[in-house]
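Scroll down for the structure; my scribbles are underneath it.
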Amino acid sequence: MDTAPSPTTAPPDVGFWEALRFWLKLGFISFGGPAGQIAIMHTELVERRRWISEKRFLHALNYCMLLPGPEAQQLATYIGWLMHRTRGGLVAGALFVLPSLFILIALSWVYLAYGKLPLVAGLFYGLKPAVTALVVHAAHRIGTRALKNGWLWGIAAAAFAGIFALDLPFPFIVLGAAAIGHFGGRWAPEVFAVGGGHGAAQRGYGPALIDDGTPTPRHARFSRGRLARVIGIGAGLWLAAMAGLVATQGLNGALAQMGWFFTKAALLTFGGAYAVLPYVYQGAVEQHHWLTGAQMIDGLALGETTPGPLIMVVAFVGFVGGWTRQLFGPDALFLAGTAAACVVTFFTFLPSFVFILAGGPLIESTHGKLKFTAPLTAITAAVVGVILNLALFFAWHVLWPDGWAGRFDWASALIAIGAGVALFRFKLGVMPLLALCALVGLAVTQLAGR
């Protein structure tokens with residue numbers, strides 16, 4: 001059973017197997033999209049276990065926000081790598097994804113083999129407003145930590161206005177915030193020099209195992225040789241996997257086409273899954289015809305209500321594509337779907353591991369240096385506004401399922417309000433909240449005869 005360390009002393013060293021158990025647990029409870037997942041990691045790693053200070057946590061998070069790919073999974077990879085070298089990063093990142101992959105393979109099979117079950121639909125009906133409340137709660141938590149002054153509040157508000165009202169692309173918002181931080185760090189350094197002292201201790205959590213002043217471990221120090229080695233291994237793995245698919249399925253085979261398409265998608269996922277979904281929709285539905293538009297929407301609903309990164313919807317896309325193409329014949333549909341789901345997951349997440357293991361040492365060399373941290377501080381402020389926009393996106397689709405001109409879903413609204421009260425007032429955990437809301441949703445749909 002996990003116990004919190006003493007609030008006055010740094011926690012003892014964490015062994016690899018103890019950390020592995022936590023990363024496995026995180027893979028099964030990481031609901032709520034990136035905002036919810038980052039909030040869960042902050043609660044567990046910064047506040048409760050104190051494996052890393054808040055300042056070091058946010059420094060790593062800011063780097064992950066700059067990268068294409070799922071930032072929460074990359075953050076887990078970064079912290080695992082910082083604690084236990086390359087194997088720690090690989091375990092943390094892989095276990096963040098694998099539970100979701102297995103769950104989505106199972107749900108995709110049920111979806112295709114048995115159609116839409118009323119029981120599953122009822123559970124999802126309650127989960128969607130709960131996820132909306134989780135994202136709002138995460139925006140509040142991150143905002144209260146990151147927005148330390150009026151200028152940072154202004155950056156958050158500008159980012160929200162830019163993405164909500166002007167539909168600016170997320171990379172543009174990130175670059176704009178970084179530019180503000182770069183020049184603002186020179187002209188008004190006090191605005192961006194947030195933090196100070198011992199991160200966890202300053203917030204009342206107690207000293208952390210990896211605290212603000214903890215020296216960078218030897219394996220996390222930058223060297224050109226290591227950078228070239230990691231990039232070379234990553235490129236070699238990609239080439240070997242692609243060569244295997246081409247050799248067995250042909251250059252125009254579905255699996256090789258999926259590998260190439262989702263490699264491109266992985267490099268375009270700035271701003272999270274929602275930023276790349278239009279690209280995935282266009283390629284998977286309109287160009288390659290791996291699934292229909294209606295199936296894509298159903299897959300997104302599954303992705304929203306399972307643990308792991310929302311971009312794991314690509315596993316559903318792969319499974320449906322492999323199943324419908326009957327890659328291994330009509331008698332091996334499940335095997336074909338599973339193989340395709342694993343292929344697209346591999347090519348989607350391989351770049352994320354390379355980005356962290358290659359770039360992490362360079363980022364570790366910059367913590368505490370204002371000229372590097374000021375742009376990242378500004379990016380964190382901008383991300384708060386982006387997360388708030390995501391919460392509104394969820395709320396719109398949940399409360400007005402037929403669009404603004406359609407009916408307002410009062411039952412979903414009441415579930416969302418109840419979930420918000422449970423989170424803000426009673427500090428209910430993620431898993432109990434989701435279980436309770438799923439049961440309420442099932443009861444509502446049964447009573448309404450849906």
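Give the accessible area for Met431 in Å² (nearest 10); use a 1.4 Å probe, count only protein heavy atoms, and leave out ligands, DNA and RNA.
Accessible area, nearest 10 Å²: 90 Å².
Taking the simple approach of a point 7 Å from Cα along Cα-to-Cβ for both Ile231 and Arg186, what is their distance in nm?
2.7 nm
Can you tally the lysine pairs in the chain where the Cα-Cα distance is under 25 Å and the two residues are eight or more apart, or on different chains?
Taking the Cα cut-off of 25 Å, the pair count is 12.
Shape verdict for the stretch 306-403, please, from the Cα gyration tensor: rounded (a/c under 1.5), prolate (a/b greater than b/c) or oblate.
On the way: a/c = 5.54, a/b = 1.52, b/c = 3.64.
Oblate.
Can you list the HN-Hα couplings for the stretch 118-133, worked out from phi with the Karplus curve (6.51, -1.76, 1.60; θ = phi - 60°), rounded to whole Hz and with x for Gly and Pro?
x, 4, 5, 4, x, 4, 5, 4, x, 6, 4, x, 5, 5, 4, 5
If I take every Cα pair under 8 Å that is 6 or more residues apart in the chain, average their sequence separation and divide by the length, what percent do I get for the relative contact order? Working shown, then result.
Numbers: 672 pairs, mean separation 136.8, N = 450.
30 percent.
With label points built 7 Å along Cα→Cβ from the Cα atoms of Met431 and Trp396, find their separation and express it in nm.
3.5 nm
Name the long-range amide H neighbours of Ile52: under 5 Å, sequence gap of 5 or more, or other chain; modelled H, no Pro or chain starts.
When sequence neighbours closer than 5 places are left aside, the close amide H contacts are Leu209, Ile210.
Set the Förster distance to 56 Å, then compute FRET efficiency between Trp153 and Thr292 from the Cβ-Cβ distance, nearest 0.05. Please list the in-between numbers first.
Details: r = 44 Å, r/R0 = 0.78.
Calculated transfer efficiency: 0.80.
How large is the accessible surface of His137 in square angstrom, using a 1.4 angstrom probe and rounding to the nearest 10?
30 Å²
How long is the chain along each principal axis, judged by its Cα atoms, biggest number first, in Å?
If we take the Cα atoms of the chain, the spans are 61, 54, 48 Å.
Which FRET efficiency, nearest 0.05, do Phe16 and Leu239 yield, Cβ-Cβ r, R0 22 Å? List each step's numbers first, then the result.
Details: r = 30 Å, r/R0 = 1.36.
My answer for the efficiency is 0.15.
Arranged from highest to lowest average of other beta-carbon atoms within 10 Å per residue, in what order do the peptides 398-404, 97-103 appear? Present the calculation step by step, with values, prior to reporting the outcome.
Values: 398-404: 13.1, 97-103: 20.6.
Going from most to least packed, we get 97-103, 398-404.
What are the ³J(HN,Hα) values, in whole Hz, obtained from phi via the Karplus relation 6.51 cos²θ - 1.76 cosθ + 1.60 with θ = phi - 60°, for each residue of the stretch 24-29 in sequence order, with x given for Gly and Pro?
Taking θ as phi minus 60°, the curve returns 5, 4, 4, x, 9, 10 Hz for the stretch 24-29.
Measuring with a 1.4 Å probe in the full set of protein chains, what accessible area per residue, in whole Å², belongs to the stretch 60-131? The partial results should precede the final answer.
On the way: 2370 Å² over 72 residues.
About 33 Å² of surface per residue is accessible.
Which percent of the accessible heavy-atom area of the chain goes to carbon and sulfur, probe 1.4 angstrom? Could you put the intermediate results ahead of the total?
Working: 13600 of 19690 Å².
Carbon and sulfur atoms account for 69 percent of the accessible area of the chain.
The values are calculated or read from the model by the stated rules, or taken from the named source; none is laboratory data. Being a predicted model, the structure only gives us computed values, none of them experimental. Methodologically, a virtual Cβ is constructed for each residue, glycine included, from the backbone with ideal geometry; neighbour enumeration extends over all protein chains shown. Side chains included, ligands, DNA and RNA excluded: accessible areas come from the protein's heavy atoms. Shrake-Rupley method; radii C 1.70, N 1.55, O 1.52, S 1.80 Å.
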